[in-house]
């Protein structure tokens, strides 16, 4: 086990990433994200994998979602997210 993993377990702090996005609907946007950290789902291991999932999800939901980007386990956007954000409109 790596030292950081041990520290995270001691602090009960899950590590990983999620994909944040907005749903279109009734003239307004509704924010959402996956995986659902609060429901106990395992977070995405790497930022690279999270960006790949964001791109795949954007293609699969084109016209229904927008503003896709990667967030960390604290729900903060990752560094450089503005340059990589997927508008998908």
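All of the numbers you see were taken from the coordinates with simple rules; none came from a lab. The structure presented is a predicted model; accordingly, all values stated were derived computationally and were not measured. In this analysis, Cβ positions are derived from the backbone assuming ideal geometry, glycine residues included, and neighbour counts consider all displayed protein chains.
Pairs of Cα atoms nearer than 8 Å and 6+ residues apart set the relative contact order; for the chain it is 30 percent. With a cut-off of 17 Å on the backbone N, the residues of the range 27-44 near the modelled label site 7 Å out from residue 84 along Cα-Cβ are 34-35, 43-44.
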